[in-house]
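Shown next, in structure tokens, is the structure this report addresses.
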Amino acid sequence: MNIVMVTSECYPFSKTGGLGDVAYSLSMEYVKKGEKVAVVSPLYSKINFDKYPKLKKLFSYEVKMNWRYKECEVYHLFYEGIEYFFIKNDYYFNRPGNIYGFYDDGERFAFFALASTLLLKKLPFKVDIAHVHDWQGGMIPCILKTCYHNDPDLKKVRTVLTIHNPLFKGYLGRDSLYDLYNLPTSLYDDGSVRFDDQVSTLKAGIKFADKITTVSPTHAYELTTVEGSKGLWYDLILRQNDFVGILNGMDYTAFDPKKDKTIYKNFTVNNYKTNKKINKEEFCKENNLDPELPLFAVVSRLTDQKGLDLIYAMADFLTHEGGNFAVLGSGERYAEDMFNNLYARNPSHNYVYIGYSEDIAHKLYAASDFFIMPSAFEPCGLGQMIAQRYGSLPLVRRTGGLKDSVICYDAERKNEDIANGFGFDDYSIIDALKCVSSALTTYYYKKDVMDNLVKNALNTDHSWNESAEEYLKLYRLALSYND
Ligand code: ADP
Ligand code: GLC
């Protein structure tokens, strides 16, 4: 099967969060399974040409966006078994700073969607599946079904849309349908791509993709409820026969405590008691923290989705109750200020790094005893899985993928043989603090239980094997449909 992933980010070339991880690690799993996989992604200015000398220009073509004719250069790289096709247009993608957040993101990713659709026709192999992601790729199934349904090369391409984050709808005005996408406004007028009285490229994907997925079974359920769907329940219920939740796996190569070159000391389940400890001791020494205290870490985008008020309350509480807190992240300005202020008030118990750093992230996963992730909503979450892989016990709110990937310790049920983290249900400061208390009690007074939980976490299987099989099954099903 020839699979093409169309994604706005892909590790190691670009990443702001889990989408970058998933596009890469799922593709790698396909390579392992002998499938042919290509990734189509923008060529952002950040990509380091010196590091990838084999990156070569293949060809270029014009992309028509109503009155605009924009040049698209396609660069190719064969890397680790994956064919990468990068869409280069410096006006749209060669910009300083983040890869999103520009006033014209709608136009930038309209160009990307149109350029990628044209590329599907020009690839040197027949495409079976175009797997598109989030709002940035949402319009592609609509373009294919509306403009290319009679095209001999493209009419048999089947599309899968994965919703990683339902919050971002890809809003545009009605006129953008023809002004950016060369599409008729009747698609808006008949409701096909209309959402909240605007065009939503995510809704377009939900309407037109052959199959729709999200990144955990629990989130798939949540997306069909009024409370949990960010407004998408109605459109997803209409597509419920084609909609499924498949739990993400994580990248076992990039995050491997046995071989990780960025951490202070490598470890495995057999020697973590001595070696994981060295990671904590070194991190604490470098940052003036007492290594005898339990270390609670956060590695995250600092957005409301991640439960920032709960994180703050948990951090404030635990640093007064015998713990240390470390946060690595960037995002909402108020949150960055809030954590800087926490540090200023109590520097001997806090570590705060505002920014993005792979290096510090790995060090924190390896050094910490606990990983805080009390998200307001979480389609899947990779942070908690990575934490488990490094023997750091996640403290999660049981929502979305957090519910599907963490078995929470319950002292009454004595489930320490299987538990690999801590959790609570309601979005409540009291419940979050109880959860921290339980973690502290376990750390200080139930050393055997703590040990079991860490071992269980280290032994947890979050590899892609089964989930990739589920995707492949879904692709086959989509391909079995006639025109
Ligand atoms: P989301 O995709 O919603 O941001 P996930 O938990 O799925 O959340 O994925 C987050 C990914 O981004 C993880 O690989 C995490 O380690 C990484 N990450 C988040 N913030 C940072 C940061 N400030 N520095 C380095 N890595 C980060
Ligand atoms: C999104 C979600 C996160 C998920 C990631 C990868 O960014 O917020 O929960 O893990 O995508 O699917």
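The values are calculated or read from the model by the stated rules, or taken from the named source; none is laboratory data. Please read these numbers as outputs of a predicted model, since none were measured by experiment. Reconstructed Cβ throughout: ideal geometry from the backbone, glycine too, with neighbour counts over all protein chains shown. In case anyone asks, the SASA skips ligands and DNA or RNA and just uses the protein heavy atoms, side chains included. Shrake-Rupley method; radii C 1.70, N 1.55, O 1.52, S 1.80 Å.
Key figures
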item	result
Residue check for LEU202: within 16 Å of ligand 1 (Cβ to nearest atom), open to solvent by 40 Å² or more (accessible area, probe 1.4 Å) and on the phi < 0 side of the Ramachandran plot	no
Check on ASN165, within 16 Å of ligand 1 (Cβ to nearest atom), more than 27 Å from TYR481 (Cα to Cα) and part of a loop (DSSP other than H, G, I, E, B)	yes
Within region 202-217, considering residues that are out of contact with any Asp or Glu (no Cβ under 9 Å at 6 or more places or on another chain) and assigned to a helix (DSSP H, G or I), the one nearest to PHE168 (Cα to Cα)	ALA204
Filtered residues of region 173-186 (kept if buried (at least 17 other Cβ atoms within 10 Å of the Cβ) and either in contact with a Ser or Thr (Cβ under 7 Å, 6 or more places away or on another chain) or part of a loop (DSSP other than H, G, I, E, B) (or both))	LEU177, LEU180, TYR181, LEU183
Counted residues, region 99-150 - those being away from ligand 2 (no atom under 16 Å from the Cβ) and outside any helix (DSSP H, G or I)	14
Any hit, region 79-96, residues being without any contact (Cβ under 8 Å) to a residue 60 or more places away in the chain, more than 16 Å from ligand 2 (Cβ to nearest atom), touching a His at 6+ places or on another chain (Cβ under 7 Å) and over 25 Å from TRP464 (Cα atoms)	no
Per-region count, region 362-384, residues in a helix (DSSP H, G or I) and either under 16 Å from the mean Cα position of the chain (by Cα) or away from ligand 1 (no atom under 11 Å from the Cβ) (or both)	4
Qualifying positions in region 229-269 - among the hydroxyl-bearing types (Ser, Thr, Tyr), farther than 16 Å from CYS380 by Cα and part of a loop (DSSP other than H, G, I, E, B)	TYR252, THR253, THR262, TYR264, THR268
Complete set of residues in region 100-117 that are among the acidic types (Asp, Glu) and touching a strand residue (DSSP E or B) at 6+ places or on another chain (Cβ under 8 Å)	GLU107
Among the residues listed as TYR75, TYR92, TYR61, TYR52, the single one being over 21 Å from HIS164 (Cβ atoms) and part of a helix (DSSP H, G or I)	TYR92
Qualifying positions in region 218-228 - assigned to a loop (DSSP other than H, G, I, E, B), closer than 23 Å to LYS473 by Cα and of a type in the set (A, V, I, L, M)	LEU223
Breaking point among (1) surrounded by fewer than 21 Cβ atoms within 10 Å (Cβ to Cβ); (2) within 16 Å of ligand 2 (Cβ to nearest atom); (3) not in a helix (DSSP H, G or I), for ASN288	(2)
Residues that are within 13 Å of ligand 2 (Cβ to nearest atom), open to solvent by 30 Å² or more (accessible area, probe 1.4 Å) and not charged (D, E, K, R), drawn from region 228-249	LEU247
Some residue of region 2-9 being touching a residue at least 60 places away in the same chain (Cβ under 8 Å), part of a loop (DSSP other than H, G, I, E, B) and over 24 Å from THR303 (Cα atoms)	no
Enumeration of residues in region 13-43 that are away from ligand 2 (no atom under 16 Å from the Cβ), open to solvent by 10 Å² or more (accessible area, probe 1.4 Å) and assigned to a loop (DSSP other than H, G, I, E, B)	PHE13, LYS33, GLY34, GLU35
Test for GLY391: is it within 16 Å of ligand 2 (Cβ to nearest atom) and touching a residue at least 60 places away in the same chain (Cβ under 8 Å)	no
Which numbered condition TYR427 misses (of (1) farther than 21 Å from ALA326 by Cβ; (2) open to solvent by less than 20 Å² (accessible area, probe 1.4 Å); (3) in contact with a Lys or Arg (Cβ under 7 Å, 6 or more places away or on another chain); (4) assigned to a loop (DSSP other than H, G, I, E, B))	(2)
Residues of region 215-227 satisfying the condition of being open to solvent by 20 Å² or more (accessible area, probe 1.4 Å) and under 18 Å from the mean Cα position of the chain (by Cα)	PRO217, THR218, GLU222
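Table: residues versus (1) in contact with a strand residue (DSSP E or B) (Cβ under 8 Å, 6 or more places away or on another chain); (2) assigned to a strand (DSSP E or B); (3) within 16 Å of ligand 1 (Cβ to nearest atom); (4) closer than 24 Å to THR442 by Cα.
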| position | (1), (2), (3), (4) |
| --- | --- |
| GLN305 | no, no, yes, no |
| ILE311 | yes, no, yes, yes |
| ASP316 | no, no, no, yes |
| GLY322 | no, no, no, yes |
| PHE325 | yes, yes, yes, yes |
| GLY329 | yes, yes, yes, no |
| GLU336 | yes, no, yes, no |
| ASN341 | no, no, no, no |
